[in-house]
Every structure is written in C-alpha cells, then in structure tokens.
Amino acid sequence: MTALVLTFAGRDRPGLVSLIAETIASAGGNWLESRLANLAGEFAGIVLIDVATPQRHGLTTALQELQAQGLTVSVTPAGAQTPADYTPLTLEVLGHDRPGIVRDVTQILTRLGVNIENFSSAIESAPFTGEDMFRATLDLGVPGHVSTAELRRALEALADEIMVDVQLPALEEEEATTL
C-alpha cells in the first residue's frame, strides 16, 4: 500500500467534496483522514489517501484531471510521522488582533524545535467592546529536550500583548497552565 497526500483548492460549490471522494474511490483509493475548509469563498483541503501501489499512478492521474473542474490539485507521497519522542500539547492563543501574532508565536516554537501538527485560527468579536480578537489553537509536538517550563518562559515574552493558555494532555503529570 502507498500513502498519498492530496491538497486541493478551488471556488466553493455544492458537490465539490463528493466529486473528490468519487474520484478517489473510483480509482481504488481509500480516504483516511482530512482537513477541509471554506475560507472567503475558496474551498481548500488536505486529504490522506491509501492506495494499492499498482493503482497509485491511475489515482494520481484521475486526481490531476480534476484541474479541468477548476481545482488546483497536488498529490505527493506521505511523509514520516512525528517522532515518538515528541509530547503532544495544545496551545491556545487569544489576543487583540494585530499583524504579526502568528509570526511571533511560530518563531518561538521554531526556535525551540516544536512541531506544529495542526493550526486553526479565526477573528472574533470581543464581548461588550466588539474589538477584533485573534484566537488560534495549535496542536504541537514538543521534543523531549524542551520542558513545559521552558516553553512557558519563551511564550511569556509575548504575555504583555497576548494571553496564552497551555493545556497539557490528560495523561501528563503537570496541570494545565495559563500564562
């Protein structure tokens, strides 16, 4: 079996996911995992597909033919999983919206060697004031050589501008910490 990662983007319309799912199934692929979203009228996604190795070329060709349907499509072999010595951690960021929040947080994570496994963000209105608030949730893989305290200290540098809530997995000995 071969694992493939399909990424696609195109104008949102009814039946788009069904078209992609039908193409995958008809070519012998199995839809394993996905993240799909509509942002500003564009529908984009990433899908993990499993296919028998002899059927890989046919599936790849069929998916690339979706470009005639107005989709930008890319199919690549799946990469390696996150190393087992990474500890999962969820980081929640909330603060007044301003340019550079994502850059500032991700630079700290990169400097520490932390892997971002999932990232979602949105702008929402603050209660009472209606100000734009930036909210993000990041699922992280923290390498074994980085302690939660070290990560907390690094993020505290941003504490004057944003509020950071670090939630550790239930099996961890440490409690969730709010910075």
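Every number here is computed from the coordinates shown, using simple stated rules; none is lab data. What you see is a predicted model; the values in this text were computed from it and never measured. Neighbour counts are summed over all protein chains in view; Cβ atoms, including those assigned to glycine, are modelled from backbone coordinates with ideal geometry.
Structure values in brief
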{"item": "Restricting the range 135-152 to residues that are touching a Leu at 6+ places or on another chain (Cβ under 7 Å) and part of a strand (DSSP E or B), the residue that is farthest from His96 (Cα to Cα)", "result": "Val142"}
{"item": "Residues of the range 59-99 satisfying the condition of being within 30 Å of Gly130 (Cβ to Cβ) and more than 19 Å from the chain's Cα centre (by Cα)", "result": "Gly95, His96, Asp97, Arg98, Pro99"}
{"item": "Residues that are more than 14 Å from Ala3 (Cα to Cα) and of a type in the set (Gly, Ala, Ser), drawn from the range 75-97", "result": "Ala84, Gly95"}
{"item": "Pair list, Cβ under 8 Å, 6 or more apart: the range 139-162 residue touching a residue at least 40 places away in the same chain (Cβ under 8 Å) and surrounded by 12 or more Cβ atoms within 10 Å (Cβ to Cβ), other residue in a helix (DSSP H, G or I) and among the polar types (S, T, N, Q)", "result": "Val142/Thr148"}
